[in-house]
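Heads up, the thing below is written out as structure tokens.
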Amino acid sequence: MLKQVLVTGGAQRLGAELVRHFARNQWNVWCHYQHSRAAAEQLSAELNSEGLPIQLVQADLASTEDMQSMMNHIAERSGPLTALVNNASTFEPDQGSDFSASTTRRQLDVNLIAPMFLGQALAQQHQDQPPTDACIIHILDQKVFNLNPDYFSYTLSKLALERAVALQAQALAPRIRVCGVAPGLMFLSGPQSPDNFDIASRVNLLRRRIDPADVAKTCVFVASTPSINGATIQVDNGQHLVPLDQDVMFKVDQWLKATP
């Protein structure tokens, strides 16, 4: 049976790494993007040059109509998905003392509601199909296991998504597995400077940067291993075991200012 996966937010950063690894492991890949058409087309050209065609699909994950249209398009073109990797997310700075309802709703729409809706649509694709090993993988964040109050709405949305792993696994059993993968800091984040990132990316037990390829390999492994269900794997060099009272980016800014 053809193995095919949809990677949301697949055009850049971790999403692009996920697309590469699934394609190079002989999966038929649908790469979702919203605004990053040029990056998606560049990634497609890169993989085409290796003899690995991918298929691009555009949708606004804050729109139920867009998401349903995307899932219908995929099913009509190539049948039910084998795997869904919910990688796309919105990451905006705020605090519990000053967040706005609109900012929080926007992040909940993309970071939580969209993964739930797409998971529901995947389950519906398999409703009248012979049993197969289909799975959903939610990309989380080490922050959900190492709380600090920064990026309040984003963290809230990822906390809810982490709790949804087990709940959705129960709800969609026995046809669909649901798992989580929680990376640490891998890329420059928001206003972060390269100097800040160089230090912050090594604030973990192994004192080295997290390789995005390791996160992608973990997702391919989870998607290919039928016995893993309702579990989250942390791929963060032990970052979640280094507690900080602020986001690591802000903490490093303090350290840099205090260092002559």
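The values are calculated or read from the model by the stated rules, or taken from the named source; none is laboratory data. No experiment lies behind these values; they were computed from the predicted model shown. Cβ placement follows ideal geometry from the backbone for every residue including glycine, while neighbour counts extend to all protein chains displayed.
Points to keep in mind about this one:
- Checklist (1) of a type outside the set (Gly, Ala, Ser); (2) surrounded by 19 or more Cβ atoms within 10 Å (Cβ to Cβ); (3) at pLDDT 95 or above applied to residue 120, failing item: (2)
- Tally of residues being part of a loop (DSSP other than H, G, I, E, B) and crowded, with 21+ Cβ neighbours inside 10 Å across the range 134-150: 2
- Filter result for residue 155 (without any contact (Cβ under 8 Å) to a residue 24 or more places away in the chain, among the polar types (S, T, N, Q) and either on the phi > 0 side of the Ramachandran plot or exposed (fewer than 14 other Cβ atoms within 10 Å of the Cβ) (or both)): no
- Here residue 167 fulfils each of the conditions (1) more than 23 Å from residue 104 (Cβ to Cβ); (2) of a type in the set (A, V, I, L, M, F, W, C); (3) without any contact (Cβ under 8 Å) to a residue 12 or more places away in the chain apart from (1).
- The set of residues in the range 11-41 being in contact (Cβ under 8 Å) with a residue 60 or more places away in the chain and of a type in the set (Lys, Arg) consists of 13, 20.
- Within the range 90-108, residues that are within 21 Å of residue 250 (Cα to Cα) have Cβ atoms under 6 Å from residues that are of a type in the set (A, V, I, L, M, F, W, C) and surrounded by 11 or more Cβ atoms within 10 Å (Cβ to Cβ) in these pairs: 90/110; 94/152; 95/152; 96/152; 99/152, counting only partners at least 6 apart in sequence or on another chain.
- Candidate set: the range 63-89, residues that are touching a residue at least 40 places away in the same chain (Cβ under 8 Å) and either of a type in the set (S, T, N, Q) or in contact with a Lys or Arg (Cβ under 7 Å, 6 or more places away or on another chain) (or both); chosen: the one nearest to residue 157 (Cα to Cα): 89
- Checked against (1) within 30 Å of residue 28 (Cβ to Cβ); (2) of a type in the set (Phe, Trp, Tyr); (3) not in a loop (DSSP other than H, G, I, E, B), residue 187 meets all criteria but (3).
- In the range 24-45, the qualifying residues are those that are of a type outside the set (S, T, N, Q) and in a helix (DSSP H, G or I), and the one that is farthest from residue 12 (Cα to Cα) is 24.
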